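Data first, discussion second: the structure below is written as structure tokens.
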Amino acid sequence: MHPELPYPFLQRDPARGLCLSGVALAEIAAEYGTPVYAYSAAAIRDAYVALTTAFGDRPHRLCYAVKANGNLSILALLARLGAGFDIVSGGELARVLAAGGDPAKVVFSGVGKRADEIRAALEVGIGCLNVESAAELDRVAQIAAAMGVIAPVSLRVNPDVDAKTHPYISTGLKDNKFGIPIGQAAGLYRQIQRHPHLAAVGIDCHIGSQLLDVSPFAAAAERVLALLDELTLLGIELHHLDLGGGLGIRYTTEQAPTAAAWVDALLTVIDRHPLARRLPIWLEPGRFLVGPAGVLLSRVEYLKPHPDDGKSFAIVDAAMNDLMRPALYGSVMAIEAVQPAADTVAQDWEIVGPVCETGDFLGKGRHLPLAAGDIVAVLGAGAYGFSMASNYNTRGRPAEVLVENGAVRPIRARESVEDLFQHERPFPSPNA
Ligand SMILES: *Cc1c(COP(=O)(O)O)cnc(C)c1O
């Protein structure tokens, strides 16, 4: 067990075990079954408030990156706080609208927007399309012309800075598929300027995810400001700068920057620039707002202790299909025993799921007091947890609950097996 819990709204109660914002996780597991994701509304709210407060009275917009966790209740909670949204598909646009989000505060990112997705975004009055290639810009222009509207666009530039994060979530290097090489951006902004159905509203960049150092953000901002100067000379006037998301969080023992450190690093660069300091700053935080707020609860099905030199396995009922980060990125996430019996002795366990893959693990070599039937909690599972879950091995995705003001609200039912094959059609039998 970790001597200290990495998140302030998790407490260990001597009688009730591990609690999330005052609610016993053992009770959630008993009532809703396992595996189940539980999120603290207060933790999400606190993260949002920390970030918005860091801007003081400077105009800004926080566009929550929906892909981190798109549950409608979480989107509604953030919409009520005033958040905008960063979407990467037409499906996410529909989610934001269903949750009561304001389309004018939505930015649409992603390298492969389909024509129907662009049309849907323009129909509802999207705030900004973050365009990622010259070919996409042509498509947006054609669609806007056909609809007789003016499309608000930013170019997502690739500043070629190293975010120093996992290669799968680094997006701001010239070898990554994302964005437009910053050297080509001015030429495309001139095309936008000349086109009757396009309006350049800002510059966008997003260099990666889970950054634990703020200096790459500052380096990217410097390059965006150099482009801003170039555009100003061309007579192109912009209305915001979107500096993306990517602020890292603490999973185990990392030192993650605070919201204030992130915003200060950006504003230190921006404040030196006479034009940029007057522009609203937009950010696209995902993980920072929801990651720490969530836990994944799972029950120990079997223990397979190996008394000699081999590893000992604790087989739990959550697997890589429920929480993919360890299998996909080799992520190390804290795991706690929720309410171990006093006489259970801690030892090193490989925490693994039932899926038929050796890569199916939640944690390796965890020193925990575990017995069959016990509940474990994977911490920091609010972002890229449920949203990356799949039905691999014909496993229904977990239930989700939101803890708010001491009450537990189910916000998504567990998928049933019937849910999983409802879209399939049995092959007709020959004698039918
Ligand atoms: C994923 C993504 C984000 C959010 O990243 P986090 O690390 O979750 O903050 C923001 N913007 C874009 C374009 C993204 O693809």
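The values are calculated or read from the model by the stated rules, or taken from the named source; none is laboratory data. What you are looking at is a predicted structure, and each value in this text was computed from that prediction instead of being measured. A quick note on method: Cβ atoms are made from the backbone with ideal geometry, for glycine too, and the neighbour counts reach across all protein chains shown. To get the accessible areas, we keep the full protein, side chains included, count just its heavy atoms, and leave off ligands, DNA and RNA. Shrake-Rupley method; radii C 1.70, N 1.55, O 1.52, S 1.80 Å.
State which residue is nearest to ILE87 (Cα to Cα) when the search covers only the range 209-237 and only residues that are part of a loop (DSSP other than H, G, I, E, B) and in contact with a helix residue (DSSP H, G or I) (Cβ under 7 Å, 6 or more places away or on another chain). Write out each step before concluding.
Residues of the range 209-237 part of a loop (DSSP other than H, G, I, E, B): 209-210, 212-214, 234-237.
Adding the requirement that they be in contact with a helix residue (DSSP H, G or I) (Cβ under 7 Å, 6 or more places away or on another chain) leaves 209-210, 214, 234, 236.
On the way: SER209: 15, GLN210: 18, VAL214: 24, LEU234: 30, ILE236: 26 Å.
Here the residue is SER209.
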Of the residues that sit in the range 313-349 and are closer than 23 Å to ARG250 by Cβ and charged (D, E, K, R), which one is most open to solvent (accessible area, probe 1.4 Å)? ASP348
Please go through the range 162-184 and pick out each residue that is more than 15 Å from the ligand (Cβ to nearest atom) and buried (at least 20 other Cβ atoms within 10 Å of the Cβ). ILE182
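Can you pull out the residues in the range 275-289 that are in contact with a strand residue (DSSP E or B) (Cβ under 9 Å, 6 or more places away or on another chain), away from the ligand (no atom under 16 Å from the Cβ) and open to solvent by 10 Å² or more (accessible area, probe 1.4 Å)?
Within the range 275-289, the subset in contact with a strand residue (DSSP E or B) (Cβ under 9 Å, 6 or more places away or on another chain) is 276, 279-289.
Going one step further and asking which of them are away from the ligand (no atom under 16 Å from the Cβ), we end up with 276, 279-280.
Correct list: LEU279, PRO280.
Given the criteria within 25 Å of ILE74 (Cα to Cα), in the same structural domain as GLY33 (by TED's automatic domain parsing) and open to solvent by less than 50 Å² (accessible area, probe 1.4 Å), does ALA399 qualify? Reasoning before the result, please.
Details: within 25 Å of ILE74 (Cα to Cα): yes; in the same structural domain as GLY33 (by TED's automatic domain parsing): yes; open to solvent by less than 50 Å² (accessible area, probe 1.4 Å): yes.
So ALA399 fits the description; yes.
Let's see how each residue does on (1) touching a Phe, Trp or Tyr at 6+ places or on another chain (Cβ under 7 Å); (2) at pLDDT below 95:
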| position | (1), (2) |
| --- | --- |
| GLY359 | no, yes |
| GLY373 | no, no |
| VAL378 | no, no |
| PRO398 | yes, no |
| ARG412 | no, no |
| LEU420 | no, no |
| PHE427 | no, yes |
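Just checking, how many residues over the range 253-274 are open to solvent by 30 Å² or more (accessible area, probe 1.4 Å) and under 25 Å from GLU336 (Cα atoms)?
First, pick out the residues of the range 253-274 that are open to solvent by 30 Å² or more (accessible area, probe 1.4 Å): 253-256, 258, 260-261, 264, 268, 271-272, 274.
Of the ones still in play, those that are also under 25 Å from GLU336 (Cα atoms) are 253-256, 258.
Residues in the range 253-274 being open to solvent by 30 Å² or more (accessible area, probe 1.4 Å) and under 25 Å from GLU336 (Cα atoms): 5 in total.
Which ranges mark the helices (runs of 4 or more DSSP H) fully within the range 67-152 that have 1 or more residues being at pLDDT 95 or above, within 12 Å of the ligand (Cβ to nearest atom) and open to solvent by 20 Å² or more (accessible area, probe 1.4 Å)?
Of the helices (runs of 4 or more DSSP H) lying wholly inside the range 67-152, those with at least 1 residues that are at pLDDT 95 or above, within 12 Å of the ligand (Cβ to nearest atom) and open to solvent by 20 Å² or more (accessible area, probe 1.4 Å) span 90-98.
Here is a yes/no grid of residues against (1) over 19 Å from ILE180 (Cβ atoms); (2) touching a residue at least 60 places away in the same chain (Cβ under 8 Å):
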site: SER109; (1), (2): no, yes
site: ARG119; (1), (2): yes, no
site: ARG139; (1), (2): no, no
site: ALA146; (1), (2): yes, no
site: VAL153; (1), (2): no, no
Sort out for me the strands (runs of 3 or more DSSP E) sitting completely within the range 317-382 that have 2 or more residues that are out of contact with any Leu (no Cβ under 8 Å at 6 or more places or on another chain) and acidic (Asp, Glu). 346-352
Whether any residue in the range 203-214 is within 12 Å of the ligand (Cβ to nearest atom), buried (at least 22 other Cβ atoms within 10 Å of the Cβ), polar (S, T, N, Q) and under 22 Å from LYS364 (Cβ atoms) is what I want to check. yes
